[in-house]
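The values are calculated or read from the model by the stated rules, or taken from the named source; none is laboratory data. Keep in mind that what you see is a predicted model, and the values were worked out from it rather than measured. So basically every Cβ, Gly included, is an ideal-geometry build from the backbone, and we count neighbours across all protein chains shown. Side chains included, ligands, DNA and RNA excluded: accessible areas come from the protein's heavy atoms. Shrake-Rupley method; radii C 1.70, N 1.55, O 1.52, S 1.80 Å.
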Amino acid sequence: MSKLYGYAGRILRINLERREVKFEEVTKELAAGYIGGRGFNIRKLYDEVPPEVHPLSPDNKLMISTGPIAGTGFPLGARVNVSGKSPLTGILGDSNAGGHFGAEMKYAGFDQIILEGKSRKPIYLYITEKSVEFRDAEGIWGKTVSKALDEIIREIGDHRVQVGIVGPASENGVLFGGVFFNRVRPAARTGMGTLMASKNVKAVAVRGDGYVEVADQNKFEKIVDEIEKEVFSHEQFWPRRIMGTTRILLAGNRIGMLPAYHFSRGEVDFAYDVSGEKLAVKHNVKVRGCFSCVVPCSRVYVYHKDGEIVVNEGLEYEALAGMTVRIGNRDLEKALAAVDLLNELGMDVITTSEVISWAMELYERGLISLADTDGLRLNWGNMEAVIELIKQIAKKDGFGKLLSEGVVKAAEKLRKGMELAFHVKRLEMIQADPRALKGYGLGFAVASRGADHLRSEPFIELSDDPKIGMEMFGEPEATIRLGIRGKGRLVAYYENICALVDSLEVCKNLAENMNILNYEKISELFTAVTGISLSPREIEETGERIVNLERAYLVREGIRRKDDSLPSRFLKEPMKVGKSKGQVIELERMLDEYYAARNWDVNTGIPRESTLLRLGLADVVEDLKRRKIELFS
């Protein structure tokens with residue numbers, strides 16, 4: 001095979017039970033067909049984890065994969081995807097994180113790490129170019145993310161080692177535990193930390209001295225120069241550098257899209273008090289970025305807690321809104337303390353904010369009482385109760401035990417509140433009300449991992465500019481946030497882009513939010529880095545192939561059109577206040593258009609046979625037919 005530039009060239013497969021290590025080659029066909037990261041993971045997941053496998057059985061697999069861009073020095077290009085069958089949702093589990101792990105993994109010589117089986121006792125893995133060590137983790141089992149991380153770094157004796165680690169919540173079986181990179185950069189959605197802990201793996205540490213060679217260095221450097229100029233001159237550069245995504249909270253309040261008081265209102269009168277702007281002015285002390293990033297959107301902040309000064313890092317919009325407006329909390333410092341606690345215990349803040357705000361709404365409406373909550377007064381904004389509840393969830397203790405399996409199972413066990421459990425396909429809703437963002441709402445409904453904005457992130461919808469909609473999608477309403485027409489094409493377009501950037505492992509700040517990477521630019525970049533020539537049309541088809549393979553995986557798990565839905569509040573209850581007052585989301589019309597844009601069967605939501613064959617997925621067609629799943633031509 002000709003030299004494969006951009007990639008480390010190897011997949012590391014580790015059997016935890018037998019403590020066996022195997023190395024596989026990254027083929028040109030895999031690279032060209034699935035790029036890396038999310039693409040590599042779904043291809044392996046489809047092939048190796050059939051529907052019969054329980055998410056927490058040793059037969060489930062955990063996959064950590066990065067892309068050809070990681071480690072090259074390309075700006076905003078060093079992320080990783082962590083994938084497996086989700087313990088929380090029972091379908092596709094997948095989460096993406098930044099930091100330095102992806103680049104280090106490449107320098108250690110690997111594009112993908114696959115964990116199989118289950119270790120007989122707690123371990124952590126130390127992976128270098130020369131060896132894979134199974135190290136005893138019994139001494140750090142049960143310790144928080146920071147304490148365990150410090151001990152691993154001290155034991156290895158190299159501060160440059162990069163570590164993905166789980167917290168005690170994952171070890172205790174909380175179904176929404178995450179894998180945390182660089183201490184505060186979590187791949188937290190869908191319970192990938194819980195999956196890792198179920199294999200008795202506390203952490204994966206990597207360290208390498210290799211490098212990544214690109215195919216056309218001059219062309220690559222020219223693209224980097226062009227991208228950096230566009231980034232530095234972009235109107236969002238300074239706001240994102242100063243505030244990161246926390247800037248969304250105040251902006252979201254202006255258009256009435258906040259999830260305030262468990263999505264009962266889209267705006268609040270205390271938005272500035274808990275905003276990214278307030279955080280920047282009062283608490284932030286410096287910025288910090290991921291590997292090779294020129295938009296260092298992570299921030300180091302300082303605040304007071306119990307009379308002491310606390311210094312920490314991170315906090316994006318989802319965490320900020322989740323621990324403030326969603327639960328009715330007006331105190332920014334208490335929100336910071338809650339997020340820090342969640343990170344140390346290793347839990348997904350989005351799912352946690354839903355289970356707590358769901359319980360608060362039930363409590364405020366008198367549907368549950370102190371007898372149900374073990375004495376916790378779950379009034380809006382009661383942060384003492386919230387902190388106690390977070391601890392209980394992590395320990396699976398008291399009322400927290402009920403919430404530790406996610407909002408759907410909590411409602412099932414409580415036998416009430418299911419109509420107020422805000423999820424899609426059992427994944428809890430993010431911090432945006434779809435009644436105020438119709439394209440985002442459609443994206444939540446069809447996202448392959450459940451209620452999630454990062455599968456499509458149609459940020460351009462916020463432009464409210466009909467000219468852009470007409471130029472890009474032939475429909476002015478496509479880029480009007482409260483419009484309906486054209487949303488199917490909008491979401492399908494950005495889903496393909498998102499699948500590509502999650503496979504290249506580029507940050508969505510660059511692709512979606514700043515809208516700098518299009519198919520032409522991705523084609524140029526991929527060819528310069530890897531030496532594999534894919535035209536813009538072929539690049540778009542690659543993104544489309546990844547989206548369709550994920551859908552086929554869901555179809556095999558029983559997912560159909562009926563599951564591409566939203567909670568009834570967003571479909572039937574008009575927004576009560578704010579700039580989106582009176583709005584509901586007209587989902588079915590948008591779904592019809594989306595399936596047409598995808599060439600999926602409109603009645604079932606199953607990809608048509610002709611679509612799968614066009615994308616080179618004949619093996620998937622054969623597999624689905626063997627399983628008696630009807631495909632339309």
Distribution output for region 1-140: share of Cα-Cα pairs per 5 Å bin in percent, first bin at 0, values 2, 10, 19, 22, 21, 16, 8, 3, 0, 0
Ordering 241-247, 224-230 by per-residue average of other C-beta atoms within 10 angstrom, highest first, gives 241-247, 224-230
Probe 1.4 Å, all chains present, heavy atoms only: LYS3 accessible area in Å², nearest 10, is 120 Å²
Here Rg/Rh (Cα, Kirkwood) for region 479-633 equals 1.02
Rounded to the nearest Å, the spacing of the alpha-carbon centers of region 370-424 and region 68-109 is 31 Å
Output for region 153-305 (equivalent-ellipsoid semi-axes, sqrt of 5λ from the C-alpha gyration tensor, Å, descending) is 31, 28, 16
Cα-based Debye curve of region 547-627 sampled at q = 0.11, 0.16, 0.21 Å⁻¹ gives log₁₀ I(q)/I(0) of -0.39, -0.67, -0.93
Rounded to whole angstroms and listed largest first, the alpha-carbon spread of region 413-463 along its three principal axes comes to 42, 21, 14
In the neighbourhood of THR479 defined by beta carbon distances under 12 Å, the net charge of the other residues (Lys, Arg +1; Asp, Glu -1) is 0
tail above 15 Å in the computed P(r) of region 1-59, as % of all Cα-Cα pairs, reads 60 percent
At 25 °C and 0.890 mPa s, the Stokes-Einstein diffusion coefficient in µm²/s for region 132-230, with hydrodynamic radius from the Kirkwood sum on alpha carbon pairs, is 160 µm²/s
Set LYS147/LYS395; LYS508/LYS625; LYS395/LYS572; LYS282/LYS438; LYS143/LYS282, cut-off 25 Å on Cα-Cα distance; pairs above it are LYS508/LYS625; LYS395/LYS572; LYS282/LYS438; LYS143/LYS282
Averaging 1/r across every pair of distinct alpha carbons in region 389-490 and inverting yields a Kirkwood hydrodynamic radius, in angstrom, of 15.2 Å
The farthest towards the positive end of the charge dipole of region 403-443, of the residues GLY441, MET429, ALA410, given +1 on Cβ of Lys and Arg and -1 on Cβ of Asp and Glu, is ALA410
Helix-only [θ] at 222 nm, the chain, -39500 (n - 2.57) per DSSP H run of 4+, per residue, nearest 500, equals -11500 deg cm²/dmol
With T = 4 °C, eta = 1.567 mPa s and Kirkwood Rh from C-alpha pairs, the Stokes-Einstein D of the chain in µm²/s is about 53 µm²/s
Share of Cα-Cα pairs in region 58-115 beyond 13 Å, whole percent, is 59 percent
Long-range alpha-carbon pairs in region 315-443, meaning those over 27 Å apart, account in percent for 12 percent
From the Cα centre of region 467-514 to that of region 530-576, the distance in Å is 13 Å
On the accessible surface of region 113-211, probed at 1.4 Å with all protein chains in place, carbon and sulfur together account for a percent value of 43 percent
Reduced to Cα centres, the span from region 335-369 to region 589-629 in Å works out to 38 Å
Filtering trypsin sites (Lys or Arg not before Pro) in region 329-382 by DSSP loop and by at most 14 other Cβ atoms within 10 Å leaves ARG365, ARG377
The value for region 252-305 (convex hull of the alpha-carbon atoms, volume per residue, Å³) is 136 Å³
hull vol. (C-alpha, convex hull) per residue for region 472-527, Å³ -> 79 Å³
